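The structure appears below as structure tokens.
All of the numbers you see were taken from the coordinates with simple rules; none came from a lab. Here the structure is a predicted model, which means the values were calculated and not measured. Here the Cβ positions follow ideal geometry from the backbone for every residue, glycine too, while neighbour counts run over all protein chains shown.
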Amino acid sequence: MWHKNLPKTKESDAPFSRPGLSKNSPCFWHTGRTAIHLYLIIYLSLAMLFEDTYYTIEKPAEGSFKDRGSKFISFAFPVLNEEEIKKHQAALRKEHPSANHHCYAFRLGAGKQAFRSSDDGEPANTAGKPILGQIQSKDLTNILIVVVRYFGGTLLGVSGLIQAYREAAANAIANAQIVERTVNDVYEVKFDYLQMNDVMKVLKDEKLEMLSQDFELEPSFVFSVRKNNSVRVYDLFKKMNVVSIDYRRTI
């Protein structure tokens with residue numbers, strides 16, 4: 001028969017038992033890698049297409065927790081970058097200079113990829129991690145929570161500290177208003193004066209947020225657009241033959 005000299009497949013190769021295609025076949029591994037690659041492309045494309053929202057808090061909020069004389073005061077802030085975080089931390093240290101600890105956690109970015117926590121002298125993982133856990137449990141980002149502790153004279157132990165910082169952080173979140181935000185791309189469009197009306201029409205029709213404008217050398221607008229609409233709006237300006245349209249950042 002034509003297939004007598006083909007390699008035999010084992011029972012474990014059953015799903016790939018087509019003559020000549022086994023797990024030891026280079027063709028199998030090439031096919032598998034290609035399938036995985038295509039899956040990742042599709043997955044990332046869909047994620048970028050639909051996941052352009054995130055949850056954060058609308059404005060600063062406070063909370064508190066007391067246990068055996070120790071007082072834990074919590075502060076939650078909406079933030080966009082580490083520079084804002086440092087400013088809030090510095091302000092709190094001035095406001096509470098005699099506090100024993102300033103423990104904190106934050107998470108940044110729509111993808112929630114940037115986060116950090118600090119125990120600020122408390123036993124390892126008893127303060128910063130419980131605070132971060134509350135941020136994660138509510139699926140929040142672009143948020144900083146600082147818990148200031150005034151020691152009351154009685155040691156709370158590891159479990160007591162974890163509970164205290166967790167409850168203080170949770171109380172600040174409970175007192176905050178959670179809001180859904182969109183992920184936006186920021187562009188700068190430059191155009192001729194004769195195109196002013198057409199550019200303004202796109203800004204109005206697409207409900208784009210104007211961030212800044214400049215008319216000194218050549219007219220230009222900096223605007224933000226929801227990420228899911230970014231490519232379409234970009235194409236609208238390109239079809240108008242504007243002088244240039246350039247991506248600046250994502251917020």
* Given the pairs K112/K204; K86/K112; K138/K204; K59/K227, which are separated by over 27 angstrom at their Cα positions? -> K112/K204; K138/K204
* Determine which residues of segment 210-251 fall in the zone a paramagnetic label at D192 would reach in this model, i.e. backbone nitrogen under 19 Å from the point 7 Å along Cα→Cβ. => 215-221, 236-246
* State, in angstrom, two size descriptors of segment 55-180 derived from its alpha carbons: Rg to one decimal place and Dmax to the nearest whole number. => 13.3, 41
* Return the aspartates and glutamates within reach of K71: Cα separation strictly under 12 angstrom, same-chain partners fewer than 8 residues apart disregarded; answer none if there are no such residues. => E167
* To do: Report, by chain and number, residues whose modeled amide H sits under 5 Å from the one on L211, excluding near sequence neighbours (fewer than 5 apart, same chain).
  => V222, F223, S224
* Asked: Hey, quick one: spin label on T250, modelled 7 Å out along Cα-Cβ, who in segment 172-204 has an amide N within reach, i.e. under 14 Å?
  -> 182-187
* Nearest 0.05, what FRET efficiency do I178 and Q113 give at R0 = 30 Å with Cβ-Cβ as r? -> 0.90
* What are the GluC sites (Glu not before Pro) within segment 170-251 that DSSP puts in a loop, where the Cβ has at most 10 other Cβ atoms within 10 Å? -> E216
* Asked: Given Cα pairs under 8 Å that are at least 6 residues apart, what percent is the relative contact order of segment 183-250?
  -> 52 percent
* Asked: For segment 160-251, how big is Rg over Rh, using alpha carbon atoms and the Kirkwood form of Rh?
  -> 1.29
* Asked: Going by how many other beta carbons lie within 10 Å of each one, how would you line up R149, R232, R166, fewest first?
  -> R232, R166, R149
